[in-house]
Amino acid sequence: MSSTSRYADSHRRSLQDPAGFWAEVAEAIHWDRRWDEVLDDSAAPMYRWFAGGRLNTCYNALDRHVEGGRADQPALIYDSPLTGTVASFSYRELRDRVALLAGALQQQGVKAGDRVVIYMPMVPEAVMAMLACARIGAVHSVVFGGFAAPELAKRIDDAAPVLVVSASCGIEPGRVIAYKPLLDHALELAAHKVKRCIVLQRPQCLATLVAGRDVEWNAALAGVKPAPCVSVAATDPLYILYTSGTTGKPKGVVRDNGGHAVALYYSMQAVFDARPGEVYWAASDVGWVVGHSYIVYGPLLRGCTTILYEGKPVGTPDAGAFWRVIAQHGVSTFFTAPTAFRAIKKEDPRGELIGGYDLSRFRALYLAGERCDPDTIHWAQDKLKVPVVDHWWQTETGWPVAANCRGIQELPVKPGSASVPVPGYDVQVLDNDGHPVPADTIGNIVIKLPLPPGTLATMWHNEAGYREHYLTRYPGYYLSGDAGYLDGDGYVWIMSRIDDIINVAGHRLSTGAMEEVLAAHPDVAECAVIGVADQLKGQLPLGLVVLKAGVQRPHEDIVQELVGRVREQIGAVACFKQAVVVQRLPKTRSGKVLRSTMRSIADSQPYNAPATIDDPKALDEIGSALKGLGYALGNL
Ligand code: COA
Ligand code: AMP
């Protein structure tokens, strides 16, 4: 790529003069008070963007557009094949509904700075709850509905909310999932006591309310006055979003208000080339970062129409579901995870269902959340005839780190690469000793500090944890946790994680958390969970367990119990369905379990047993056990 291209100029400028660059972008946001300093580095490596500035994120997402001529434009379209509903809310309607809910939150005692946990399925009220919190300066923490009660309890204990907003149920194909019993159980498990819950009753399953604690949604709104926007500091937290770390304790990523609004606005324009008034759709869930950034805040900050889709890529009703939504609502930009495309490709390999829909307004497809295999990219390019953009980012960064920035300049696509660093990000690759590696050499992907606006400010009530996990290994750099390389043209290639995090259907999960559940089973002496390759979901977890001496029970029974325990304690979303009993785990002489070697064996990849291995025969035993499950079948 030419070093004088529009993209290269923009990227260079963002790194040479970050304050000037971001101050210019920030002009697009409405500030109640302008910042004193664009980048406050006085406490480096803890940086603060737009220090001294004041704004309200909800005002920028809704009221500003109502006042600026978009009052009647749809802001949110709810499309739910699972309930047979399509509903549209204009910017005015959404602003009014959010203001009323914000008033209800205040009436229940929620104040600026208080935390509110939102445990909801994909219904418009979930989006309203997020924006209502933003409106009154409360800090929301959305917990994905597929997590079980103990995971919800962990997040309640960490965030210590004054109130929980929930719904009676979620709907998955073929079954209704009662959320309220999960919420009740989580509240029992949590040490932190929540005084108030607002519960949306969905007709598919009514919840039993706990007198004195639970308030039904409409009852909470009755007689309430709409709340105005509360001005907050740019550096005040907007939300906490928990994400999987290497242990069972999730990390509470904190996002500020000012940097977030500026960065998301910028990404909608520069990365996604989404124009105000257009329809933008991210098929994700509000419980994930993609949902926060690109179902809720990004599209609304930009004045787009956003779509909230309660359905799946296949089976609701068929593999043409995405094309139906794109055609029906005139979607111009669509974002999903590669897994969804693999699911569609499996059911409709020739893409025959696409032809039945008018996709004339569809301009580009964006894929992220996991590594995108080149086959999937080629299939999507071939069948949809629009640019397909693989882009890389994380819950922590909140918006894309590497992408083909079509709003600046469309660059040639290299399937398998997430394209180039987005302006604002100085992406580098370091070896284990912290030295930069030459082009095309795999190493640890890091981002030179300061990170741009909109990235994690810290971990909730745990600055030490933030420093330890992300900033300590390479002083002056943010450790992404991904391994990969930069090629000679500056393209970023993400290859794998450097830790025990796995990616299942675009969902980030901790094998450490699953190991904690297995290890607590009374018959288990020790265990390991590894992520094995799966054609549809990218990876699937697989447990290897060693039983305590003298345990005589049938292995199938124990495996069944382990599968049940992970489902009950972490949730169905973990997709933990396979485990095998082994005699021992392969380890180094110092006792480190050789997880990555086992993963290579399972995936039939070449591997070198470390010289420090305790007993090489343990690897052969693992190979045989994995063959019994249908893995490790290739040439080793
Ligand atoms: N509440 C309760 N349970 C949920 C849930 C929710 N919000 N979301 C998922 N689950 C359950 C599912 O019902 C399933 O349960 P099961 O084991 O009883 O079948 C389990 O969690 C796994 O769900 P999922 O990974 O969605 O698998 P699936 O087999 O139902 O669907 C795909 C497969 C590929 C269609 C699906 O994974 C998909 O759409 N992936 C796209 C990924 C995505 O959007 N990622 C977001 C990041 S961009
Ligand atoms: P999450 O925080 O859940 O969004 O997960 C972030 C992780 O998903 C990253 O650290 C990567 O491991 C992986 N990931 C996300 N996008 C991509 C991509 N485009 N290519 C490869 N891996 C990706």
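The values are calculated or read from the model by the stated rules, or taken from the named source; none is laboratory data. Every value quoted in this text rests on a predicted model; they were computed, and no experiment measured them. Here the Cβ positions follow ideal geometry from the backbone for every residue, glycine too, while neighbour counts run over all protein chains shown. Surface accessibility is based on the protein's heavy atoms, side chains included, excluding ligands, DNA and RNA. Shrake-Rupley method; radii C 1.70, N 1.55, O 1.52, S 1.80 Å.
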Next item on the list: Say whether the condition of being of a type in the set (V, I, T), in contact with an Asp or Glu (Cβ under 8 Å, 6 or more places away or on another chain) and within 12 Å of ligand 2 (Cβ to nearest atom) is met by at least one residue in segment 364-376.
Entry: no
Margin query: Given the criteria open to solvent by less than 40 Å² (accessible area, probe 1.4 Å), touching a residue at least 24 places away in the same chain (Cβ under 8 Å) and not assigned by TED's automatic domain parsing to the domain that holds T395, does L562 qualify?
Written below: yes
Next item on the list: Name the single residue, out of those in segment 202-244 being of a type in the set (A, V, I, L, M) and over 20 Å from V117 (Cβ atoms), that is nearest to the chain's Cα centre (by Cα).
Entry: A234
Check: If you go through segment 609-619 one residue at a time, do you hit one that is outside the structural domain of L152 (by TED's automatic domain parsing) and within 27 Å of G506 (Cβ to Cβ)?
Finding: no
Next item on the list: Considering only residues that are under 18 Å from A337 (Cα atoms) and in a strand (DSSP E or B), look in segment 499-530 and name the one that is nearest to ligand 2 (Cβ to nearest atom).
Entry: R508
Next item on the list: Name the single residue, out of those in segment 348-386 being of a type in the set (S, T, N, Q) and surrounded by fewer than 17 Cβ atoms within 10 Å (Cβ to Cβ), that is farthest from ligand 1 (Cβ to nearest atom).
Entry: S360
Margin query: What pairs come out if I take residues in segment 329-345 that are at negative phi and pair them with residues that are modelled with pLDDT under 95 and of a type in the set (K, R) whose C-beta lies under 9 Å away, six or more apart or interchain?
Written below: P338/R371
Next item on the list: For residues that are charged (D, E, K, R) and either out of contact with any strand residue (DSSP E or B) (no Cβ under 9 Å at 6 or more places or on another chain) or within 16 Å of ligand 2 (Cβ to nearest atom) (or both), tally how many sit in segment 411-434.
Entry: 2
Notebook entry, point to check: How about segment 477-498: which of its residues are more than 9 Å from ligand 2 (Cβ to nearest atom) and acidic (D, E)?
Noted result: D487, D489
Notebook entry, point to check: Which numbered condition trips up Y280, out of (1) touching a Lys or Arg at 6+ places or on another chain (Cβ under 8 Å); (2) more than 16 Å from ligand 1 (Cβ to nearest atom)?
Noted result: (2)
Next item on the list: Can you work out which of the residues in segment 573-603 that are away from ligand 2 (no atom under 16 Å from the Cβ), surrounded by 16 or more Cβ atoms within 10 Å (Cβ to Cβ) and among the small types (G, A, S) is farthest from A483 (Cα to Cα)?
Entry: A579
Check: Any chance segment 308-321 includes a residue that's under 21 Å from G369 (Cα atoms), free of Cβ contacts under 8 Å to residues at least 40 places away in the same chain and out of contact with any helix residue (DSSP H, G or I) (no Cβ under 6 Å at 6 or more places or on another chain)?
Finding: no
Checklist line | Residues located in segment 447-458, provided they are outside any loop (DSSP other than H, G, I, E, B) and either among the aromatic types (F, W, Y) or open to solvent by less than 10 Å² (accessible area, probe 1.4 Å) (or both) | finding: I447
Next item on the list: Looking only at segment 433-446, count how many residues are more than 12 Å from L479 (Cβ to Cβ) and outside any strand (DSSP E or B).
Entry: 8
Margin query: Every residue in segment 86-100 that is in contact (Cβ under 8 Å) with a residue 60 or more places away in the chain and open to solvent by 10 Å² or more (accessible area, probe 1.4 Å), please.
Written below: V86, D96, L100
Item checked: Options K251, K345; residue that is more than 13 Å from ligand 1 (Cβ to nearest atom) and open to solvent by 10 Å² or more (accessible area, probe 1.4 Å) -> K251
Note to self: Take the residues in segment 254-299 that are within 22 Å of G330 (Cα to Cα) and of a type in the set (S, T, Y); name whichever of them is surrounded by the fewest Cβ atoms within 10 Å (Cβ to Cβ).
What the structure shows: Y265
Note to self: Here is a list: R33, R13. Which entry is over 27 Å from the mean Cα position of the chain (by Cα), of a type in the set (K, R) and over 21 Å from L451 (Cβ atoms)?
What the structure shows: R33
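Go through K577, K592, K587 for me and flag whichever is closer than 20 Å to L509 by Cβ and without any contact (Cβ under 8 Å) to a residue 40 or more places away in the chain.
Matching residue, one of K577, K592, K587: K577.
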Check: Among the residues of segment 224-235, which ones are touching a Cys at 6+ places or on another chain (Cβ under 8 Å) and surrounded by fewer than 20 Cβ atoms within 10 Å (Cβ to Cβ)?
Finding: none
Check: What number of residues in segment 187-231 are of a type in the set (V, I, T) and farther than 17 Å from R97 by Cα?
Finding: 4
Check: Hey, V389 hits all of (1) out of contact with any His (no Cβ under 8 Å at 6 or more places or on another chain); (2) open to solvent by less than 40 Å² (accessible area, probe 1.4 Å); (3) assigned to a loop (DSSP other than H, G, I, E, B); (4) under 30 Å from Y474 (Cβ atoms) but one; which does it fall short on?
Finding: (3)
Check: Is at least one residue of segment 236-243 surrounded by fewer than 16 Cβ atoms within 10 Å (Cβ to Cβ), within 25 Å of C169 (Cβ to Cβ) and modelled with pLDDT of 95 or more?
Finding: no
Next item on the list: Taking L82 as meeting all but one of (1) touching a residue at least 60 places away in the same chain (Cβ under 8 Å); (2) more than 26 Å from A138 (Cα to Cα); (3) more than 25 Å from the chain's Cα centre (by Cα), write down the number of the exception.
Entry: (3)
Notebook entry, point to check: What residue, among those in segment 326-342 that are within 18 Å of R275 (Cα to Cα) and touching a Ser or Thr at 6+ places or on another chain (Cβ under 8 Å), is nearest to ligand 1 (Cβ to nearest atom)?
Noted result: F335
Next item on the list: Only residues that are under 23 Å from L100 (Cα atoms), open to solvent by 20 Å² or more (accessible area, probe 1.4 Å) and among the polar types (S, T, N, Q): list them for segment 23-77, please.
Entry: Q73
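Within segment 400-420, does at least one residue satisfy the condition of being assigned by TED's automatic domain parsing to the domain that holds G245, over 25 Å from D489 (Cα atoms), open to solvent by less than 10 Å² (accessible area, probe 1.4 Å) and at pLDDT 95 or above?
There is no residue in segment 400-420 that is assigned by TED's automatic domain parsing to the domain that holds G245, over 25 Å from D489 (Cα atoms), open to solvent by less than 10 Å² (accessible area, probe 1.4 Å) and at pLDDT 95 or above.
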Item checked: Residue tally, condition acidic (D, E) and more than 21 Å from L206 (Cα to Cα), over segment 151-188 -> 3
